[in-house]
Amino acid sequence: MAYESVRGMRDILPQDIGYWTLLEDKVREIARRFNYREIRVPLVEHTELFSRGIGEATDVVNKEMYTFPDKKGHSLTLRPEATASVVRAYVEHGLHTVEPFQKLFYIGPMFRYEKPQKGRSRQFHQYGVEAIGSLDPALDVEVINLAWELMDSLGLKGLSLRLNSIGCAADRKQYRQILRDYFAKLIGTMCEDCQRRYEENPLRILDCKNDLCQPHIKDAPGSADHLCKSCADHFAQVENYLKELGLSYEIDSRLVRGLDYYTRTVFELVSVDLGAQDELLGGGRYDGLVEMLGGPPTPGVGFAGGMERLILVLKERMGSLDDRQRLDLFLATLGEEGRSLALDLARDLRRQGLSVDLDYRGRALRKQMAQANQLGARYLLVLGDDETASKKGKLKEMDSGGETEVMLTVEEIERVIE
RNA sequence: GGGAGCGUGGCGCAGUCGGUUAGCGCACUGGGUUGUGGUCCCAGGGGUCGCGGGUUCGAGUCCCGUCGCUCCUCCCA
């Protein structure tokens, strides 16, 4: 093999593109229903945007970013996620001065330097929504509702939504201490990673799946039980609205997210069809992010979903997706005369919106028929000397084999095909 | 980052204790008489057996390294 794609960077071939366009169409359609507008932000940002926005201590920033200097020595980074960029754009363009409440969505590639495996590649694609400018718990629920609607429109059932609240910055600081106190005498018996986490970020201990640690984690105090009055109220209302809308969820007091900007509500949607990467989509509030990135104090909530993962589930549940649209007409040609006529007709019929193709390999009529058949052509027209002379031809309907005699004019051919 | 398994034509696979020209199915190309398809029949093209090194008279088959893929772990979407 002369060249191979870079590790973790995959081609999406025509045979699979149907899943992608289907998914993109659904995202746009559902976003439209909820009145979210599309935003497209650059793939490259100043490194600092992510190190500050996502958090210096996170794995994503620490060891997973594609960071490089440009020719002037500025440190740039291929975006590992889009929330920071969207918020940057919100602040940079003063969107808050025009209309402080913005509902936005995006679709596009992200980059993270990780070990590739099922449901995880280095260039991967996310769709996501961001609702910036309101602390209303009903908005948290709208975002979750949007996610459910999207899954529903794709026919996906049996997914589960995990929900938690990690509180405001002050709550987290306090909760961190509560966890440290709780794990203080247990940590000696727990795994190495947890010992490190104990020092760096005890919240992450809750994520550990090590058998050594599990029993202790099971009984650890949950973050939702240690919220300030306002965060507790907020969380209670989120739950109320969810129940009101009949959206199922389960509280997971061990749910903590890996990016530092999250506050209060956090959630993720998981699927049993995926292996180790079972998280289909995840998100939550980020009430401090806008201010951290230089804007006015502004709350926000959103989520991002992985498209590769979703497509894995779709393939599992839907099986093959034949999105190939049928060709309207194949022009089989014999000789130079027929070919000229075909080129003329093809141009005119294409201008009328019909999909038309013809032979470019000088193949025998038999083979051209076979090709038309393989392309799923609805109609076929043989163009040779007879047709050129008489200006008449037989439009053959491929499925039935029936033929209709037509004058070789755009109007008449179009009339039969339509 | 740690662990395990796997790497043979475009795709899916076979290849027996290492042995002579590396096979099969699908796909692809041509043909089955001169202007008609999806079935069928025949023929053909295409592989330095991931790459590099080693053992051996001889390696796709054994050993080492390397790259890649898959799964787990980790992390997250």
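Every number here is computed from the coordinates shown, using simple stated rules; none is lab data. Quick caveat, the model's predicted, so the values are computed rather than measured. Glycine gets a Cβ as well: all are built from the backbone with ideal geometry, and neighbour counts include every protein chain shown.
Values as computed for the structure displayed
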{"quantity": "Estimated [θ] at 222 nm from DSSP helical runs (n ≥ 4, -39500 (n - 2.57)) normalised by residues in chain A, nearest 500", "calculated": "-11500 deg cm²/dmol"}
{"quantity": "Residues of segment A:276-313 with amide N under 15 Å of a point placed 7 Å along Cα→Cβ from A:Glu92", "calculated": "A:293-295"}
{"quantity": "Spin-label zone in segment A:326-343 - amide nitrogen under 15 Å from a point set 7 Å from the Cα of A:Asp357 along the C-beta vector", "calculated": "A:326-333"}
{"quantity": "Zero-based 20 Å bins, Cα pair distances in chain A, whole percents", "calculated": "22, 42, 22, 12, 1"}
{"quantity": "For segment A:228-364, with +1 on Lys and Arg beta carbons and -1 on Asp and Glu, the positive-most of A:Pro299, A:Ala364, A:Gln352 along the dipole", "calculated": "A:Ala364"}
{"quantity": "Ratio of Rg to Rh over segment A:311-418 (Cα coordinates, Kirkwood Rh, two decimals)", "calculated": "1.07"}
{"quantity": "Debye, to nearest 20: dipole size of chain A, +1 on Lys, Arg Cβ, -1 on Asp, Glu Cβ", "calculated": "860"}
{"quantity": "Within straight-line cross-link reach of A:Lys315, lysines at Cα separation under 29 Å, skipping those fewer than 8 residues along the same chain", "calculated": "A:Lys26, A:Lys115, A:Lys118, A:Lys157, A:Lys209"}
{"quantity": "Net charge dipole size for segment A:140-194 [Lys, Arg +1 and Asp, Glu -1 on Cβ; Debye, nearest 20]", "calculated": "320"}
{"quantity": "Length gained when the stretch A:Ala370-A:Arg33 is fully extended (0.36 nm per residue, less Cα-Cα span)", "calculated": "116.9 nm"}
{"quantity": "Residues listed by number, segment A:363-395, amide nitrogen under 17 Å from A:Met407 label point at 7 Å toward C-beta", "calculated": "A:387-395"}
{"quantity": "Label-point separation, A:Glu56 to A:His74 (7 Å along Cα→Cβ), nm", "calculated": "2.2"}
{"quantity": "Semi-axis lengths (Å, descending) of the ellipsoid that matches the C-alpha gyration tensor of segment A:250-386", "calculated": "58, 20, 10"}
{"quantity": "For segment A:153-194: Kirkwood Rh in Å [reciprocal of mean 1/r, alpha carbons]", "calculated": "13.6"}
{"quantity": "Volume per residue that the Cα convex hull of segment A:208-248 spans, once the total is divided by residue count, Å³", "calculated": "88"}
{"quantity": "Equivalent ellipsoid semi-axes, segment A:188-301, via Cα gyration tensor eigenvalues times 5, rooted, Å", "calculated": "26, 19, 15"}
{"quantity": "Over segment A:15-54, equivalent-ellipsoid semi-axes from the Cα gyration tensor in Å", "calculated": "28, 16, 8"}
{"quantity": "Label-to-label distance, nm, for residues given as A:Glu279 and A:Cys191 (7 Å Cα→Cβ offset)", "calculated": "1.6"}
{"quantity": "Relative contact order %, chain A, counting alpha carbon pairs below 8 Å whose residues are six or more apart", "calculated": "15"}
{"quantity": "Kirkwood-based shape ratio for segment A:305-365, expressed as Rg/Rh from alpha carbons", "calculated": "1.29"}
{"quantity": "Computed lengthening from A:Leu321 to A:Val44, 0.36 nm per intervening residue step minus Cα-Cα distance", "calculated": "96.4 nm"}
{"quantity": "Convex hull volume of segment A:42-196 per residue (C-alpha atoms, cubic angstrom)", "calculated": "190"}
{"quantity": "Relative packing of peptides A:268-276, A:5-13, A:354-362, A:135-143 - highest average C-beta neighbours within 10 Å first", "calculated": "A:135-143, A:268-276, A:354-362, A:5-13"}
{"quantity": "Furthest towards positive pole of dipole, A:Val238, A:Ala342, A:Leu321, structure part segment A:218-349, Cβ charges", "calculated": "A:Val238"}
{"quantity": "Calculated over segment A:133-204: convex hull of Cα atoms, volume per residue (Å³)", "calculated": "147"}
{"quantity": "Förster radius 25 Å - calculated FRET efficiency between A:Glu397 and A:Asp344 (Cβ-Cβ, nearest 0.05)", "calculated": "0.65"}
